[in-house]
Amino acid sequence: MAQTPPAQAPSVQAPAAKSAPAAGSPVTPSTPTPPPKAAAAAAPQAVPGFWDPRRRPDRPDLSRLTVIRFLTETDYPPFNFTGPDGNPAGFNVDLARSLCDEIKVTCTIQMRRFETLVDALATNRGDAIIASMAVTPQLRAKVDFTDPYYRAPARFVSRRDNVMPEIRPEYLEGKKVGVIAGTSHEAYLKAMFTDAEIHSYPDNDALRAALRRGEVDFIFGDAISLAFWINGTDSAECCAFSGGPFVESRYFGEGVGIAVRKGNDLLRQSLNWALFRIWEKGRFTDLWLRYFSISPF
């Protein structure tokens with residue numbers, strides 16, 4: 001559940017040349033093997049981390065920073081929303097406050113409509129955007145990004161009596177798989193799961209209703225929004241994740257980063273240093289678990 005400004009929406013068509021699946025993505029073996037059986041047991045909570053403890057970033061000259069003016073989205077819960085007191089709230093807001101605390105600098109957080117954030121940054125109405133903004137080549141031409149602090153992976157969901165611990169293309173041969181039409185998820189299924197019977201739906205409501213009614217065996221989509229659905233009342237406890245996350249960047253993006261103005265290396269490096277420190281101290285994990293009761297990973 002990463003956001004891209006409307007004018008910069010990435011293509012949802014399959015790339016002309018297939019890239020190799022990323023680490024953790026399935027690769028079809030030469031000899032098919034039968035799918036494993038498993039009950040819908042709750043897996044341990046997984047927390048995303050993109051920081052290598054062996055590659056500690058150098059501490060920049062933080063004394064040169066006097067204030068960081070964060071810009072964020074107005075209505076994208078649980079990442080950004082207006083709290084009961086009228087102030088900004090959400091995962092991104094709490095992460096921004098943790099970064100300010102680590103850098104030991106005064107910060108402000110201003111909420112704006114998502115489509116106005118890049119222009120606001122360019123016209124110096126803020127210093128950094130922390131709003132679940134997907135890193136894309138189009139946006140890299142306008143802003144610089146920190147290292148990613150999370151990804152929006154794709155995952156399969158099945159009914160609880162049909163959960164599989166691992167999903168490979170050969171396991172879904174002849175299976176009915178639902179997906180939203182015109183999305184990168186549909187393109188990925190058509191490219192990688194060629195023996196599955198793909199059923200396309202116009203929106204999330206139709207897709208999820210099809211799974212609940214048994215019209216499809218699995219659905220495939222954005223893991224973060226699916227995690228909230230699985231854990232919410234709308235699912236009526238019908239369903240659970242099957243298999244692990246798919247993070248092929250050609251289809252599902254490079255991840256989510258904090259945007260700064262082009263050339264603002266001091267702020268970008270300071271935020272990278274602080275992100276690593278927060279992760280190293282376990283504060284990122286604590287924050288993630290506070291907001292995500294069912295892991296999308």
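The values are calculated or read from the model by the stated rules, or taken from the named source; none is laboratory data. Values in this document were obtained by computation on a predicted structure and should not be read as measured data. Every residue, glycine among them, receives a Cβ derived from its backbone with ideal geometry; neighbour counts consider all protein chains shown. We work out accessible area using only protein heavy atoms, side chains counted, and drop any ligands, DNA or RNA first. Shrake-Rupley method; radii C 1.70, N 1.55, O 1.52, S 1.80 Å.
Descriptive notes on the structure:
- Just one residue in the set THR108, THR116 is assigned to a strand (DSSP E or B) and either touching a Lys or Arg at 6+ places or on another chain (Cβ under 8 Å) or surrounded by fewer than 17 Cβ atoms within 10 Å (Cβ to Cβ) (or both); that residue is THR108.
- Residue ID - nearest to PHE228 (Cα to Cα), chosen from residues in segment 256-297 that are of a type in the set (Ser, Thr, Tyr) and in a helix (DSSP H, G or I): TYR291
- Exactly one residue out of ASP144, ASP161 is touching a strand residue (DSSP E or B) at 6+ places or on another chain (Cβ under 8 Å), open to solvent by 10 Å² or more (accessible area, probe 1.4 Å) and not in a loop (DSSP other than H, G, I, E, B): that is ASP144.
- Remark: pairs (first residue in segment 149-162, hydrophobic (A, V, I, L, M, F, W, C); second residue in a loop (DSSP other than H, G, I, E, B); Cβ separation under 6 Å; 6+ apart in sequence or on different chains) = ALA152/MET1; ALA152/ALA2; PHE156/ILE167.
For (1) in contact with a helix residue (DSSP H, G or I) (Cβ under 9 Å, 6 or more places away or on another chain); (2) in a loop (DSSP other than H, G, I, E, B); (3) closer than 25 Å to GLY255 by Cα, each residue gets a yes or a no:
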position	(1), (2), (3)
GLU170	no, no, no
VAL179	yes, no, yes
HIS185	yes, no, yes
ILE198	yes, no, no
ALA209	no, no, no
ILE219	yes, no, yes
ILE224	no, no, yes
ALA227	no, no, yes
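- Scan of segment 232-285 for residues that are surrounded by fewer than 22 Cβ atoms within 10 Å (Cβ to Cβ), among the hydroxyl-bearing types (Ser, Thr, Tyr) and out of contact with any Phe, Trp or Tyr (no Cβ under 8 Å at 6 or more places or on another chain), ordered by number: THR233, SER249
- In segment 216-227, the condition of being without any contact (Cβ under 8 Å) to a residue 60 or more places away in the chain and more than 22 Å from GLU73 (Cα to Cα) is met by at least one residue.
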